[in-house]
Structures are given as C-alpha cells and as structure tokens.
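One structure is given here, and the rest of the page talks about it.
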Amino acid sequence: LLLFFKFNSLFLSFKGGHGVGWSEIPRYSFKVAAGWDETPVSIADLAGTELDLRFENKEEGNLFLVVAPVLRFRDVGVNADVRIDGLGTPDIIIAGFAPEIFGAPLSEDDVLVTETAQIDGVTYYYWEVKPHHLVAATAVGNRLFMLVLNANGRQWRKAEANLRAMQKSFFVPKL
C-alpha cells in the first residue's frame with residue numbers, strides 16, 4: 001500500500017481486480033482514507049454477484065465497488081475493449097444501476113451533479129446523488145466499474161472532503 005497526504009488526511013492506495021466469472025478483470029485503484037476497513041462481500045447484497053469489494057468507516061461512511069459485464073448494455077465479443085461513453089450517457093448508466101446501488105430507482109431530481117472527465121484516454125462519469133452518495137464509473141475491456149460512496153448526514157458533515165477525494169481517485173488503466 002502506498003501512503004500519501006491529501007486534504008490533511010492520511011490516505012491509502014488500494015488496488016484490485018482479480019477475475020470474476022470467465023474472464024480476467026482489468027486492475028483498478030482508488031484511495032481510501034485512513035481508518036477505513038475492508039469488510040466481507042456477500043452475494044445477498046443489493047449489488048449481488050457484481051459486488052467486488054466493500055469498505056466501511058463508522059465515522060465517515062461506506063464504499064463498495066461493482067464490476068459488471070458490459071454485456072449488460074451491449075453485445076460485444078469476449079475480448080472487447082469498450083469505453084463507458086460507448087455504453088450510454090451518464091443518465092442511462094446511473095439509472096441502470098440505481099436499484100442495485102441505491103435500493104430504488106432514481107427520481108427526476110435525485111441526481112444533483114453529473115460530471116464527465118477524460119483521464120489517460122479513459123472516460124469517467126461522476127455523480128452526486130441525494131442525499132449523500134458519490135459515484136464514479138468507467139468501462140475498460142469488457143467490464144463496467146462503479147465506485148459508490150454513501151454517508152448519512154452526520155458522516156457527510158465530517159468527511160465530505162475525504163469522500164470526494166476518494167471518488168475522484170478512482171482509476172482503471174486502459175488496456
């Protein structure tokens with residue numbers, strides 16, 4: 001793990017990507033604020049078998065990562081290299097995953113902020129969703145990656161800067 005300082009807090013770099021189903025998952029990374037612990041993943045979770053990992057900090061919130069096949073959006077070959085903007089607009093992507101990541105479909109006014117960014121040739125979508133959810137998503141290879149951060153009101157007031165830094169640190173290198 002790589003240690004560095006940002007927003008006056010200690011962060012750890014986490015790298016994952018081990019393989020789900022029949023194909024290898026491209027590696028991904030993100031920064032986790034100090035004090036966050038990895039917790040067990042269950043197929044009974046809302047995100048089901050697409051949930052790759054989970055972290056929690058009782059004072060700051062929780063984080064989980066969904067790794068879904070792009071076949072959910074497009075019929076592509078086994079070794080396809082698809083980007084998120086080829087799967088749909090930010091509105092289509094977040095709406096498609098809302099029941100799994102938020103527990104219900106989104107209402108028209110639930111999405112507060114939507115951003116798009118290009119990082120090392122890969123497109124990323126970022127959302128802020130009511131009441132205190134931050135999401136980052138991209139697609140590389142034949143997988144869509146979605147990092148989700150949730151906090152209650154008290155946690156949000158305490159850790160908003162850390163949560164936003166964790167959201168923006170999410171990275172999946174192009175193949």
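The values are calculated or read from the model by the stated rules, or taken from the named source; none is laboratory data. These numbers were taken from a predicted model, which means no experiment stands behind them. Positions of Cβ are backbone-derived with ideal geometry, glycine not excepted, and every protein chain shown enters the neighbour counts. Quick note on the areas: whole protein, heavy atoms, side chains included, nothing else; ligands and nucleic acids left out. Shrake-Rupley method; radii C 1.70, N 1.55, O 1.52, S 1.80 Å.
Overview of values
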quantity	calculated
Scope the range 122-139; condition surrounded by fewer than 23 Cβ atoms within 10 Å (Cβ to Cβ) and touching an Asp or Glu at 6+ places or on another chain (Cβ under 7 Å); matching residues	THR123, TYR126, VAL129, LYS130
In the range 26-37, residue modelled with the highest pLDDT [restricted to those that are open to solvent by 30 Å² or more (accessible area, probe 1.4 Å) and within 22 Å of THR138 (Cα to Cα)]	LYS31
Qualifying residue in the range 58-72 (condition: among the basic types (Lys, Arg), at pLDDT 85 or above, under 25 Å from GLY153 (Cα atoms) and crowded, with 17+ Cβ neighbours inside 10 Å)	no
Residue satisfying all of: in the range 76-98; modelled with pLDDT under 90 and open to solvent by 60 Å² or more (accessible area, probe 1.4 Å); nearest to the chain's Cα centre (by Cα) among these	ASP81
Neighbours by Cβ (under 6 Å, 6+ apart or cross-chain): first from the range 125-136, more than 12 Å from ALA98 (Cα to Cα); second open to solvent by less than 10 Å² (accessible area, probe 1.4 Å) and part of a loop (DSSP other than H, G, I, E, B)	ALA136/PHE170
Residue in the range 38-55 that is modelled with the highest pLDDT, counting only those that are within 20 Å of PHE171 (Cα to Cα) and surrounded by 14 or more Cβ atoms within 10 Å (Cβ to Cβ)	PHE55
